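Structure record follows, encoded as structure tokens.
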Amino acid sequence: SQLPQMVAYGLANTVSKASEDDEWCRLAASGFDSASRLASSPANIWMPIIYQNKEFIVKHLDLFINQMENLKGMIAESNKNELLSFIAQSQNIRDKFKKKSIVNEKYNHGNKTVRRLGSTTIVETRVE
């Protein structure tokens, strides 16, 4: 969970620097909301985690940055085949995670509760 946390922090800061005012707030939609949700996690919880696991985090941030550089290159060079392959691989990885991690899903009055297999236990989250 540490890499997604760092990515969410980075995404939120990147979007805020993309314009000089808060225009991005008006333009941002559910994708930004979903991808940056973790950025609202309290710093007092994450600071000890970050420093306790800094080698792991730095290593995986390097891997992530490398993937973003590869993606940037595919887009800049209009390399359609590589980009399609990159996207398809990403979708397969996400589908595999979802299939292996979800224990069950329940719907109740429009609310969705997802039970996932976590690293140590079953984690239940409610999505409204």
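Summary table
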| item | result |
| --- | --- |
| Search result, residues across region 76-97 that are surrounded by 12 or more Cβ atoms within 10 Å (Cβ to Cβ) and part of a helix (DSSP H, G or I) | Glu82, Leu83, Ser85, Phe86, Ile87, Ser90 |
| Boolean, Arg116 is at pLDDT below 90, surrounded by 10 or more Cβ atoms within 10 Å (Cβ to Cβ) and farther than 16 Å from Ala8 by Cβ | yes |
| Residue among Asp22, Asp33 that is within 17 Å of Leu11 (Cα to Cα), under 16 Å from the mean Cα position of the chain (by Cα) and among the charged types (D, E, K, R) | Asp33 |
| Checking Ala12 against (1) at pLDDT below 90; (2) outside any helix (DSSP H, G or I), the condition it does not meet | (2) |
| Check on Ser30, more than 23 Å from Asp62 (Cα to Cα) and open to solvent by 40 Å² or more (accessible area, probe 1.4 Å) | yes |
| Restricting region 1-19 to residues that are more than 22 Å from Phe56 (Cβ to Cβ) and surrounded by 11 or more Cβ atoms within 10 Å (Cβ to Cβ), the residue that is farthest from the chain's Cα centre (by Cα) | Ser19 |
| Subset of region 33-60 that is open to solvent by less than 50 Å² (accessible area, probe 1.4 Å) and not in a helix (DSSP H, G or I) - its residue that is nearest to Gln2 (Cα to Cα) | Asn53 |
| Hits in region 61-75 - residues which are among the β-branched types (Val, Ile, Thr) and either within 18 Å of the chain's Cα centre (by Cα) or open to solvent by less than 80 Å² (accessible area, probe 1.4 Å) (or both) | Ile65 |
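The values are calculated or read from the model by the stated rules, or taken from the named source; none is laboratory data. Remember, predicted model here, so these are calculated numbers, not experimental data. With ideal geometry, Cβ positions are generated from the backbone for all residues, glycine too; neighbour counts draw on all protein chains shown. The area values use the complete protein model at the heavy-atom level, side chains included, leaving out ligands, DNA and RNA. Shrake-Rupley method; radii C 1.70, N 1.55, O 1.52, S 1.80 Å.
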